[in-house]
Amino acid sequence: MTTASSAGGQRLIAIDWIRGFVMLLMAVDHSSMMFNAGRVAADSAYLMDPTSGAPVWIPGTEMGSAQFFTRWMTHLCAPTFLFLSGTSLALSLEKRARAGEASGSLDRHLLIRGLVILACEATLSLLAGTGAVYLQVLFAIGMSLLAMIPLRRLPSAGLLGVALGWLCIGEWVTRSLVPIGSTSVPAWLAVTLAPVNGDPLLVIYPFVHWLAMLLVGWAFGRHLLDLPAGAAGRRRAESTLWLGGLAALAVFLVVRGVDAYGNMGLHRDDASLIQWLHVSKYPPALAFATLELGLMALCLAGLSLVERHQSQPPWRWNPLLVLGQTALFFYMLHFLVLGAAATLLTGGFMQRGLGEAYAAAAAVVALLYPVCCLYRGYKRAHPNSIVQYF
């Protein structure tokens, strides 16, 4: 992932920091998926258990706090990935466009990057060895980048209008075309709107919902480019993030409080904190999107504030910075290492407890950190090679 920079060329380290932070959260989630027998992943009213045919979420089911919050805290990952993908690419490509680079060259960059990310998703599916096709977050990112080839020509107001409009009407469109409880979902709807947990196709991230989050990030990247360089511009960016984050959380409180439209069928059982936070990720409901994007905006504003007040340049070996600047590389490797470790050490997936899952997450980060440092150095030494797309 390209390190973002402002119009004045100043590196926006806070973007790399938050990306690195969500990579740590993602390692916890995937370690739980590999090791944790008690894993809670009931974030959908749509998905069915492929073995029993029952919904993955049955209203009234009790969820333990430790398991629930281990899963819930990682919900920040995918919205942040999509938003920051849009922000970073806007900062890079829009700056190149303003410098006079041909539009076709920028389209080609998006095309190649999107195809590379889709190829990474296909590689993980192949290495899983189940014969199934898994379309997860890399699929959503790759398809969203391809969609940006025409969409990037819209003005920022148009991008925000499309994004916010879809976040508002996406549930109505999705439930109209694929009602909750549908036993058969056409492939074209599975990859665009409604998740399906079947054989041989498992679509967890139908991309249209996630494209909306990337569009918001792209508009924010343009906003950063239009700001003056230095502390004044950074303060204005932080103000945008504070206001946007608080507005998003206010929408979440209304939508989740009313508990009707905007929850993608995943309603509260009661007024407990867990039930308030138990929102639909598959597909992302308005409640999910506003909660996670709101939290992400506040976190990014806070990290930007920290960076702006540092008297010394940020430490280049900070693990958050390293992982944030090698995100796709780490993503691919950590999946393979965790999968191999679970198979070799426990004889299969989800055979241990929550403690072992956290230990495995810490171990995979410690193991891959020096590898990511080496990869980052190689990337910087070869900026025009194929690794620019990773």
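The values are calculated or read from the model by the stated rules, or taken from the named source; none is laboratory data. Quick caveat: nothing in here was measured; it's all calculated off a predicted structure. No Cβ is skipped: glycine too gets one built from the backbone with ideal geometry, and neighbour counts run over all protein chains shown.
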**OP:** Would you tally the residues in the stretch 265-281 being out of contact with any Leu (no Cβ under 8 Å at 6 or more places or on another chain) and closer than 22 Å to A297 by Cβ?
**Re:** 3
Original post:
Of (1) small (G, A, S); (2) modelled with pLDDT under 95; (3) under 27 Å from H109 (Cα atoms), A132 satisfies all except one. Which?
Top reply: (3)
**OP:** Please specify each residue of the stretch 302-322 satisfying the condition of being under 22 Å from S239 (Cβ atoms), assigned to a helix (DSSP H, G or I) and not charged (D, E, K, R).
**Re:** G302, L303, S304, L305, V306
**OP:** Being out of contact with any helix residue (DSSP H, G or I) (no Cβ under 6 Å at 6 or more places or on another chain), of a type outside the set (A, V, I, L, M, F, W, C) and surrounded by 13 or more Cβ atoms within 10 Å (Cβ to Cβ) narrows it down to one of G324, G302, G348, G355, so name that one.
**Re:** G302
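Among the listed residues S125, S65, S105, identify the single one that is among the hydroxyl-bearing types (S, T, Y), over 30 Å from L300 (Cα atoms), surrounded by fewer than 22 Cβ atoms within 10 Å (Cβ to Cβ) and more than 22 Å from the chain's Cα centre (by Cα).
Working: S125 fails: more than 22 Å from the chain's Cα centre (by Cα); S65 fails: over 30 Å from L300 (Cα atoms).
Step by step, each of S125, S65, S105 is checked, and only S105 is among the hydroxyl-bearing types (S, T, Y), over 30 Å from L300 (Cα atoms), surrounded by fewer than 22 Cβ atoms within 10 Å (Cβ to Cβ) and more than 22 Å from the chain's Cα centre (by Cα).
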Original post:
Mind checking which residues of the stretch 243-276 are of a type in the set (G, A, S), surrounded by fewer than 17 Cβ atoms within 10 Å (Cβ to Cβ) and not in a helix (DSSP H, G or I)?
Top reply: A260, A271, S272
Subject >> Unique match (being of a type outside the set (A, V, I, L, M) and either farther than 21 Å from F329 by Cβ or more than 18 Å from the chain's Cα centre (by Cα) (or both)) among R98, R19, R113 >> reply: R98
**OP:** Taking the options G104, G86, name whichever one is in contact with a Phe, Trp or Tyr (Cβ under 9 Å, 6 or more places away or on another chain), outside any loop (DSSP other than H, G, I, E, B) and not hydrophobic (A, V, I, L, M, F, W, C).
**Re:** G86
Original post:
When only residues in the stretch 205-242 that are assigned to a loop (DSSP other than H, G, I, E, B) and modelled with pLDDT under 95 count, which is nearest to G158 (Cα to Cα)?
Top reply: L227
Subject >> Residues satisfying the stated conditions in the stretch 238-251, i.e. over 22 Å from A78 (Cβ atoms) and in contact with a helix residue (DSSP H, G or I) (Cβ under 6 Å, 6 or more places away or on another chain) >> reply: E238, W242
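Kindly evaluate P228 against the criterion of being under 30 Å from H309 (Cβ atoms) and in contact (Cβ under 8 Å) with a residue 60 or more places away in the chain. Show your work before the answer.
Working: under 30 Å from H309 (Cβ atoms): yes; in contact (Cβ under 8 Å) with a residue 60 or more places away in the chain: yes.
In short, yes.
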Original post:
Which residues, taken from the stretch 143-156, are in contact (Cβ under 8 Å) with a residue 60 or more places away in the chain and part of a helix (DSSP H, G or I)?
Top reply: M143, S144, L145, A147, M148, L151, S156
Original post:
Going through the stretch 303-345 one residue at a time, which ones are over 19 Å from A78 (Cβ atoms), of a type in the set (A, V, I, L, M, F, W, C), at pLDDT below 95 and under 21 Å from the mean Cα position of the chain (by Cα)?
Top reply: L336
